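Here the structure comes first, spelled out in structure tokens, and everything after it is commentary.
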Amino acid sequence: MGILSKIFTWWDGATIGTLLDSSLRGEHVGTDAQGNRYYRGKKPKNVDGLERRWVIYSGANDASRVPAEWHGWLHGSFDGVPQSNLPPPRIWEVDYTPNATGTDQAYRPQGALERGGRRAQATGDYQAWSPDA
């Protein structure tokens with residue numbers, strides 16, 4: 001199933017077409033701690049005067065997996081490749097946690113249908129509109 005998934009699926013890593021295009025038209029500039037690979041276009045600038053930059057995810061395509069320093073590089077906030085000028089980690093920085101939206105670990109507040117759909121009793125400060133009033 002490995003080669004077929006590379007041909008037909010895009011949501012779990014790159015397809016064969018993306019990998020071929022990246023090897024022909026891109027230059028590998030770095031890899032982050034999660035295994036995501038970062039590329040820049042071999043052509044110096046596009047018509048807007050900007051360099052083309054992209055990421056190939058290691059695993060599921062989830063933009064929340066891009067670390068802050070690489071996010072800044074991808075969006076052109078700075079020109080230097082992040083691995084060459086990373087500041088030391090701050091004491092308050094935490095490790096990456098995946099985006100849990102749509103999973104069983106997603107946040108569900110009290111009253112959500114997935115938690116039984118029971119809300120707290122209204123306090124009386126709200127009166128619903130009625131067409132008869």
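The values are calculated or read from the model by the stated rules, or taken from the named source; none is laboratory data. Nothing here was measured: the structure is a model prediction, and the numbers come from that model. Glycine also receives a Cβ, built like all others from the backbone with ideal geometry; neighbour counts cover every protein chain displayed.
Miscellaneous remarks
- Members of the stretch 41-63 found to be closer than 22 Å to G102 by Cβ and surrounded by 11 or more Cβ atoms within 10 Å (Cβ to Cβ), listed by number: V55, Y57, S58, G59, A60, N61, D62
- Search result, residues across the stretch 64-80 that are exposed (fewer than 12 other Cβ atoms within 10 Å of the Cβ) and in a loop (DSSP other than H, G, I, E, B): H75, G76, S77, F78, D79, G80
- Scanning the stretch 83-100 for residues that are modelled with pLDDT under 85 and surrounded by 10 or more Cβ atoms within 10 Å (Cβ to Cβ) yields Q83, L86, Y96, P98, N99.
- Close pairs (8 angstrom Cβ cut-off, 6 or more residues apart or separate chains): surrounded by 10 or more Cβ atoms within 10 Å (Cβ to Cβ) in the stretch 106-118, not in a loop (DSSP other than H, G, I, E, B) anywhere: R108/E114; R108/R115
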